[in-house]
Structure formats: C-alpha cells, structure tokens
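The values are calculated or read from the model by the stated rules, or taken from the named source; none is laboratory data. None of these values were measured; they are calculated from a predicted model. In this analysis, Cβ positions are derived from the backbone assuming ideal geometry, glycine residues included, and neighbour counts consider all displayed protein chains. Surface accessibility is based on the protein's heavy atoms, side chains included, excluding ligands, DNA and RNA. Shrake-Rupley method; radii C 1.70, N 1.55, O 1.52, S 1.80 Å.
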Amino acid sequence: MTRLETLGNQTMVTEFLFSVFPPLHQGGLLFFIPLLLAYGFIITGNLVIVIVVQLDVALHTPMYFFISVLSFLEVGYTTTTIPKMLSSLVSEQKTISLAGCLLQMYFFHSLGITEGCVLTAMAIDRYIAICSPLRYPTIMTPKLCTQLTAGSCLCGFLLVLPEIAWIATLPFCGPNQIQQIFCDFTPVLSLACTDTSLVVIVDAIHAVEIVASFLAIALSYVRIIVVILGMPSAEGRRKAFSTCAAHLAVFLLFFGSVAVMYLRFSATYSVFWDTAIAVSFVILAPFLNPIIYSLRNKDMKDAIRRFFCRRRRAGGVRG
C-alpha cells in the first residue's frame, strides 16, 4: 500500500511506486540475476582498478590517477540506483519514500556530473601529454590533479543542490507511479500537482553542463588526433591512439546516452525507450568501464597480474 498524508483538504503522496518493474513471478527473477551479476562485476572490477593503481608504483601517473578516481565514482554512482532496482525486482513493495527519492536523485546526478568533470580533466591530461610532452611533467603535477578532482566533486555536488531543494518544496498529491527504473527529474516532476514550468530552466542548466563538457573533451581530442596524425613514427602513432582509444570509448558511451536522455527538451520517448536509454548509462557504461580500462590497457593488465601474483604468493606463505 502507498502511504499518504492528509494536509488540509489534499492527500499528499509520501511514497512513489516504480511501475516499470515486473512482479517476481512474471519475469522479475529473469532480470534480477543478470543485474545482480552485472552489479557484482561493476563493484569488483572498479575496486580492483582503484586498489591496483594505489599499490602499483608504475601506475602513479596523472592518467591512472584519474582512471582510479573515475572507477571510485562508478562504485558510488551505481550504488545509488542498482541496489534499489534489485530490491524492486524481487519485492512486492516496489516503492521508495519521497525523501529516499530526493536523495537518490541528488547523489545520482551529483556523481554523474562529477564523472563528466573528471572525464574532462582526463581529456585535458591527454591533450597536454600528447601536444606538449616536454612540459607535461611540470604542468600535470600531483597537486594539480588533486585540485582538478576536488573541483570536479565540488562542481558536481553543488550544481544539483538548488534543483533538489526546489523539488523538495513541490506538493505531490497523486498519482505516484514513476515510469522509470530510478528517481529522475522528469518522471518525478511530472507527478507534482503544481506548475512545474520552471523545468525549462532546469533543462537549460543540464544542457549547458553537458554541452560545455562535451565541447571541451571533443575539442581536446580533435587537437590530439591532429597531432598524432602528424607524428613521423608509426609506432608512436599506434601507441598514442591506443592510449586515447579507451578514453574516447568511455567518453562516447557516457556522453552519448546522457545527451540522448537530457538534451531532448520537449521531445518524449516511449516508456520502453526511456528505460533502455537509462539502462545504457546506469548499468551498461559502468559495466564496460573496467573492461575498457583493464583488458584494453597493457600497463593495467600487467599491474593487475602482478597484484594477484603477490596475493597468491602471500597466501602460499601464510599457508
């Protein structure tokens, strides 16, 4: 049952219902098992990257520092949504409280914006490394890397705050069915029983954030590609392209799905396509990140191999 509160003559909704999840006996378990496995892989894969980068001296470079930050953010980013999705697939109560919904929106979007800023910092790092290699060690210092990371977090967690505070003041008096796999701005605002025309401003803010990051990264990589193509050595070109390929893959996957979802303004999609797009950046992108950054990266593969070899040797000594 949905909890309601009476305020004056109006009945206020205090819980929202995720209506897109099927009941357990009608296919919920079929979605639960692969989602649980995907979540386990996301958490394990990203934590291994974070630990290996911290422990392996060979990876103590700005590029791998940003990769470890991105992996750490992915753990929090997916944890804000997937555990609730898993419980909704196997539970009869597919509900979330109003406060829980607001918190989920806040942390999901804050971490998402932070990731976008970190991807921008990574593009800047690659730009300096390839376009100004002699100046790279003096520009990309550990202090600057820390400052860029702190700035990314500050940007992400402050930008969303006014929006969430505004939504928290809106009355919700029914219906209470969210047609999405997590609490997101548009599905929640559509349930408010008051004028939400200010959502146009919200959309404009999102558009500026996404487009600014996209342009900064895209322009960096255009310049990087021009420089790489001008390299006299074929081996140098191959190595430079290999280094940037993983970043470009993550960039296109993350910003592509985010742009389709949040740069549509008045355009509407069916519930199926809304859900499919959400799955691509809530589940698919975080799932592919550890694969892209480890299986396609020789230095990372070697470091992971050394890490597990040391673990096995340590286990053998203790045994």
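When the residues of the stretch 51-62 are filtered to those that are surrounded by 18 or more Cβ atoms within 10 Å (Cβ to Cβ) and among the aliphatic types (A, V, I, L, M), the one that is nearest to TYR127 (Cα to Cα) is LEU59. When ILE113 is tested against (1) closer than 23 Å to ASN46 by Cα; (2) open to solvent by less than 10 Å² (accessible area, probe 1.4 Å); (3) among the hydrophobic types (A, V, I, L, M, F, W, C), just one condition goes unmet, and that condition is (2).
Of the listed requirements (1) at pLDDT 85 or above; (2) surrounded by fewer than 13 Cβ atoms within 10 Å (Cβ to Cβ); (3) over 21 Å from LEU288 (Cα atoms), LEU37 misses just one: (3). Scanning the stretch 65-85 for residues that are of a type in the set (Val, Ile, Thr) and in contact with a Pro (Cβ under 6 Å, 6 or more places away or on another chain) gives a single hit, THR78.
Would you confirm whether any residue within the stretch 237-255 is in contact with a Pro (Cβ under 8 Å, 6 or more places away or on another chain), of a type outside the set (S, T, N, Q), open to solvent by less than 40 Å² (accessible area, probe 1.4 Å) and touching a residue at least 60 places away in the same chain (Cβ under 8 Å)?
Of the stretch 237-255, the ones in contact with a Pro (Cβ under 8 Å, 6 or more places away or on another chain) are none.
There is no residue in the stretch 237-255 that is in contact with a Pro (Cβ under 8 Å, 6 or more places away or on another chain), of a type outside the set (S, T, N, Q), open to solvent by less than 40 Å² (accessible area, probe 1.4 Å) and touching a residue at least 60 places away in the same chain (Cβ under 8 Å).
Of all the residues that make up the stretch 167-196, how many are surrounded by fewer than 18 Cβ atoms within 10 Å (Cβ to Cβ), charged (D, E, K, R) and modelled with pLDDT of 85 or more? Number of matching residues: 0.
Where residues in the stretch 218-235 are open to solvent by 50 Å² or more (accessible area, probe 1.4 Å) and either of a type in the set (Val, Ile, Thr) or under 19 Å from LEU102 (Cβ atoms) (or both), which of them is farthest from the chain's Cα centre (by Cα)? The residue in question is VAL226. Cβ-Cβ under 7 Å, sequence separation 6+ or interchain: first residue in the stretch 57-83 and free of Cβ contacts under 8 Å to residues at least 60 places away in the same chain, partner in a helix (DSSP H, G or I) and acidic (Asp, Glu). Which pairs? From residues that are free of Cβ contacts under 8 Å to residues at least 60 places away in the same chain, the pairs are LEU73/GLU115. Looking across LEU98, LEU7, LEU30, one residue alone is modelled with pLDDT under 95, more than 22 Å from the chain's Cα centre (by Cα) and buried (at least 16 other Cβ atoms within 10 Å of the Cβ). It is LEU98.
Is it the case that some residue within the stretch 140-147 is within 30 Å of PHE241 (Cα to Cα), touching a helix residue (DSSP H, G or I) at 6+ places or on another chain (Cβ under 7 Å), assigned to a helix (DSSP H, G or I) and not polar (S, T, N, Q)? The answer is yes, given that some residue of the stretch 140-147 is within 30 Å of PHE241 (Cα to Cα), touching a helix residue (DSSP H, G or I) at 6+ places or on another chain (Cβ under 7 Å), assigned to a helix (DSSP H, G or I) and not polar (S, T, N, Q).
Exactly one residue out of LEU103, LEU89 is open to solvent by less than 40 Å² (accessible area, probe 1.4 Å) and part of a helix (DSSP H, G or I): that is LEU89. Screening LEU215 against (1) in contact (Cβ under 8 Å) with a residue 24 or more places away in the chain; (2) over 18 Å from the mean Cα position of the chain (by Cα); (3) part of a helix (DSSP H, G or I) leaves a single unmet condition, (1).
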